[in-house]
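First up is the structure itself, then whatever we jot down about it.
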Amino acid sequence: MLEKQALIGWREWLSLPGLGVARIKAKVDTGARTSALHAMHITPFDNAGALWVAFEVAPHTGGVRDLARIQCRAPVRDHRPVKSSSGHAQERYVISTPVVLGGRQFDIEVTLTNRAEMGFEMLFGRTSLRAGRFLVHPTRSFLLSPRQKA
């Protein structure tokens, strides 16, 4: 049975419970294939013969950047070149993690990269929108996740 499509804005608040991120502002980017997360101090390590990464996330939760950094660890799903909007290719680790948006939870692939100079700590890419989960309203924001004070 197909789930009803939800209308989302070009910006939405979401959470990444598998990483301990309760709230992060994401730009919905239909031009980006894969979602991208601002991650710092990305360090690969071996965990019982499997490749994992340790990294830090400092999500902007509204108004000001949080000073508290969230320590994360996740198994590496892939390592692939990703071309930025400026055309620059960069090798990135890819992880899979649950995301919650508008009361819906599902797994997405996320690349880890330094987005410190970008306006959003996360891009929510088109593969995360697949299977008819969402329709994107290009001029509206926070349709499933009203702005809240941090």
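Derivation of every value follows stated rules applied to the coordinates shown; laboratory data play no part. All figures in this text were calculated on a predicted structure; none of them were measured in a lab. Because the Cβ atoms are built from the backbone with ideal geometry, glycine has one as well, and the counts that use them run over all protein chains shown.
Longest segment of the chain with no trypsin sites (Lys or Arg not before Pro) in a DSSP loop having at most 13 other Cβ atoms within 10 Å?
5-68
Can you tell me the length gained on complete extension of the stretch Glu109 to Ile70, counting 0.36 nm per residue apart and subtracting the Cα distance?
Numbers: separation 39, 0.36 × 39 = 14.04 nm, distance 1.90 nm.
Between Glu109 and Ile70, full extension yields an extra 12.1 nm.
Could you calculate the FRET efficiency of Trp52 with Arg126 from 1/(1 + (r/R0)^6), where r is the beta carbon distance between them and R0 is 25 Å, rounded to 0.05?
Working: r = 27 Å, r/R0 = 1.07.
The calculated FRET efficiency here is 0.40.
Restricting to Cα atoms and excluding each atom paired with itself, what does the Kirkwood estimate give for the chain in Å? Spell out each step's value before the answer.
Numbers: mean 1/r = 0.0632 Å⁻¹.
15.8 Å is the Kirkwood radius here.
Please find the FRET efficiency linking Leu135 to Gln90, where r is the Cβ-Cβ separation and R0 is fixed at 30 Å, and quote it to the nearest 0.05. It would help to have the intermediate numbers written out before the result.
On the way: r = 30 Å, r/R0 = 1.01.
So the FRET efficiency works out to roughly 0.50.
Lys/Arg Cβ at +1, Asp/Glu Cβ at -1, dipole of the chain taken about the Cα centre: which of Ala116, Phe142, His79 is farthest positive-ward?
Phe142
Can you tell me the relative contact order of the chain? Whole percent, Cα pairs under 8 Å, sequence separation 6 or more.
On the way: 345 pairs, mean separation 57.2, N = 150.
Over the chain, the number comes to 38 percent.
Hey, can you grab everything whose amide H is under 5 Å from the amide H of Ile108? Only 5+ residues off in sequence or another chain; H modelled, so Pro and N-termini drop out.
Thr97, Val99
Quick one: order Ile42, Ile8 by neighbouring beta-carbon count within 10 Å, fewest to most.
Working: Ile42 15, Ile8 25.
Ranked by crowding around the Cβ, least crowded first: Ile42, Ile8.
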